[in-house]
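Asks: My questions will all concern the structure given below.
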Amino acid sequence: MFLSSLADVSRLQFALTAMFHWIFVPLTLGLGFIIAFMETKYVRSGDEFWKKTAKFWMNVFAVNFAIGVATGIILEFEFGTNWSNYSWFVGDIFGAPLAIEGIFAFFMESTFFAIMFFGWNKVGKKAHLTATWLTAIGTNLSAVWILIANSWMQFPTGMEFNPDTARNEMVDFWAVVFSPVAINKFLHTVTNAYVLASIVVIGISSWYLLKKRATDFSLKSIKTASIFGFVSLIVLIWTGDGSAYQVAKHQPMKLAAMEGLYRGEHGTPLVAVGMLNPSKTIHDDKDPLLFEISIPQGLSILANRKPGSFVPGINDIIEGGYEYTDHNGNTVTAVSFEEAKERGRIAINALAGYHEAKKASDEEAAQNALTNIRKNFDYFGYGYLDKPEELVPNVPLVFYAFRIMVGLGMFFILLFILKLFYLRKGTLQEKKWLLYAGIISVPLVYICSQAGWIVAEVGRQPWTIQDLLPIKAAVSGNSVSDVTTTLVIFFVLFSILLAAELRIMFNIIKKGPETKQS
């Protein structure tokens, strides 16, 4: 039954917290830079218009900043309350970037945010501008460390397993920080946030233009946001391609779920538009797609940079036997799920045997057990899985979320181009259809942003740490009823916070910028 499993209800609670948290965070990541651009214009020109414009958007920033911090703290506490086995297994590694993030969040961000928001008449122009830029940079540096931690979960590197403590320990900090997965994820995530913030600015400003209010404010805000958003979206597309390439190398099951691909082939096409067959399973030969419009060899190019290359599907990954290039550049043959499960159980049993041998002071047995652990540790997490179905994420959710994300991204490119085109012609305020499109884009960009996280996180199930620790082995020993109770409490609390944030935001927007109307 729904929510009958401790792992399921713990996942739902964490997903709820993360998705609420991500409502607030991206706006602060992007809006901070937009405000900094505007205040820079004020300091350079001395034009009070830009000061008042920056102050208006700063009010919007402040509301999201405060609530984002509150939801983020709860998210981090859940690692200890709901995922204690996870925290024990990888806490030495995962805790480091979170600790650094805390320094940035609670010291750098908070300090300079206070100066930025309250210091207009208390410090000089240049000092205030410096605080604004450091607040924007600080929020993004905070995101760096969170995304490094998340990327390590997707591609664990720079660590070594200590059998004495049954913990993974960091041996190469810079390998964790500069892994290709981490670099791509950071750039892709923050540029997503920049696009979101740009569209929020465009949407609010479009509303003012429809109401024939604050025309000069709105047009200049739209221009700033459209340029920033368009450049960010180009980088977003580029890093999206890089992220897909990294997924293909390190998380092939996620890529297969993104494409609804059950059987791979050489020269695999990329599904641009399609509908999944809801009755398709790994045990039948049914066509996985009821219809599709595909780009010939597109997935092979995306995954391997080679048009005719082989991309494994879900069944190929379960059955093994195909060749691929690992992250060290070696050509290896993929093992089957059954073999990976067996090797994982060998590693788990060897760990238990190691501790027994150590307790009995049998060094020879301990050394033999240690050899088996190291030989099979790459498959450690498979030992907790029972059947191949557990290895497959929710294919429909990942497949459709990916296409929602990409489709909306294409729409936003067109939106930015049209906004800039009619701004240049001086007729934007006359294009009501485009102003309405800007307003409608605000909820759409939030949907797009959440869809991206669904692809990233649902797509890597069942793993909390790729290949090393599945969800079922990562949870704490709580009761289902306890976690369900806190889930309901958090849902009510977050809904109240969201309602309060929206009410405050709407009041700020209704009041409008303190600028002369054009």
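Asks: Sort through L75, L29 and tell me the only one that's open to solvent by 10 Å² or more (accessible area, probe 1.4 Å) and touching a residue at least 60 places away in the same chain (Cβ under 8 Å).
Replies: L75
Asks: For the condition over 28 Å from the mean Cα position of the chain (by Cα) and among the aromatic types (F, W, Y), what is the one hit in F494, F506, F421, F490?
Replies: So the residue among F494, F506, F421, F490 that is over 28 Å from the mean Cα position of the chain (by Cα) and among the aromatic types (F, W, Y) is F421.
Asks: Can you tell me which residue among E430, E390, E363, E356 is among the charged types (D, E, K, R) and within 28 Å of L299 (Cβ to Cβ)?
Replies: Exactly one residue qualifies, and that residue is E390.
Results for (1) free of Cβ contacts under 8 Å to residues at least 24 places away in the same chain; (2) assigned to a helix (DSSP H, G or I); (3) open to solvent by 50 Å² or more (accessible area, probe 1.4 Å), shown as yes or no for each residue.
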site	(1), (2), (3)
K306	yes, no, yes
Y354	no, yes, no
E364	yes, yes, yes
T371	yes, yes, yes
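Asks: Does any residue of region 399-409 turn out to be in a helix (DSSP H, G or I), farther than 27 Å from E292 by Cα, without any contact (Cβ under 8 Å) to a residue 12 or more places away in the chain and not basic (K, R)?
Replies: Looking for residues that are in a helix (DSSP H, G or I), farther than 27 Å from E292 by Cα, without any contact (Cβ under 8 Å) to a residue 12 or more places away in the chain and not basic (K, R), one finds none in region 399-409, hence no.
Asks: Is at least one residue of region 421-429 open to solvent by 70 Å² or more (accessible area, probe 1.4 Å), farther than 28 Å from G30 by Cβ, in a helix (DSSP H, G or I) and assigned by TED's automatic domain parsing to the domain that holds T191?
Replies: Within region 421-429 (the criterion being open to solvent by 70 Å² or more (accessible area, probe 1.4 Å), farther than 28 Å from G30 by Cβ, in a helix (DSSP H, G or I) and assigned by TED's automatic domain parsing to the domain that holds T191), the answer is no, since none of the residues qualifies.
Asks: Can R213 be described as more than 26 Å from S151 (Cβ to Cβ), outside the structural domain of L444 (by TED's automatic domain parsing), open to solvent by 10 Å² or more (accessible area, probe 1.4 Å) and not aliphatic (A, V, I, L, M)?
Replies: The answer is no for R213.
Asks: Still on this structure: Please enumerate the residues belonging to region 40-67 that are among the acidic types (D, E) and either open to solvent by less than 30 Å² (accessible area, probe 1.4 Å) or in a helix (DSSP H, G or I) (or both).
Replies: Residue satisfying the conditions is E48 alone.
Asks: Is at least one residue of region 390-409 more than 30 Å from A15 (Cα to Cα) and buried (at least 19 other Cβ atoms within 10 Å of the Cβ)?
Replies: No: region 390-409 contains no residue that is more than 30 Å from A15 (Cα to Cα) and buried (at least 19 other Cβ atoms within 10 Å of the Cβ).
Asks: Can you find a residue in region 265-276 that is open to solvent by 60 Å² or more (accessible area, probe 1.4 Å), farther than 28 Å from S179 by Cα, free of Cβ contacts under 8 Å to residues at least 40 places away in the same chain and of a type in the set (A, V, I, L, M, F, W, C)?
Replies: yes
Asks: Regarding I227, is this residue surrounded by fewer than 21 Cβ atoms within 10 Å (Cβ to Cβ) and farther than 28 Å from K510 by Cβ?
Replies: no
Asks: Just checking, which of A99, A70, A36 is at pLDDT 90 or above, in the same structural domain as S218 (by TED's automatic domain parsing) and among the small types (G, A, S)?
Replies: Criteria check complete, one pass: A36.
Asks: I need the full set of residues from region 446-500 which are touching a helix residue (DSSP H, G or I) at 6+ places or on another chain (Cβ under 7 Å), part of a helix (DSSP H, G or I) and of a type in the set (D, E, K, R), in order please.
Replies: Correct list: K472 only.
Asks: For T281, which of the numbered conditions (1) in contact with a Leu (Cβ under 8 Å, 6 or more places away or on another chain); (2) surrounded by fewer than 16 Cβ atoms within 10 Å (Cβ to Cβ) fails to hold?
Replies: Just one mismatch for T281, condition (1).
Asks: Identify, from the list Y324, Y379, the residue that is in a helix (DSSP H, G or I) and either open to solvent by 10 Å² or more (accessible area, probe 1.4 Å) or closer than 30 Å to S218 by Cβ (or both). Before the answer, list the steps.
Replies: Details: Y324 fails: in a helix (DSSP H, G or I).
Being in a helix (DSSP H, G or I) and either open to solvent by 10 Å² or more (accessible area, probe 1.4 Å) or closer than 30 Å to S218 by Cβ (or both) holds for just one of Y324, Y379, which is Y379.
The values are calculated or read from the model by the stated rules, or taken from the named source; none is laboratory data. Fair warning: this is a prediction, and the values are worked out from it, not measured in the lab. Methodologically, a virtual Cβ is constructed for each residue, glycine included, from the backbone with ideal geometry; neighbour enumeration extends over all protein chains shown. Keep in mind that these areas ignore ligands, DNA and RNA; they rest on the heavy atoms of the full protein, side chains included. Shrake-Rupley method; radii C 1.70, N 1.55, O 1.52, S 1.80 Å.
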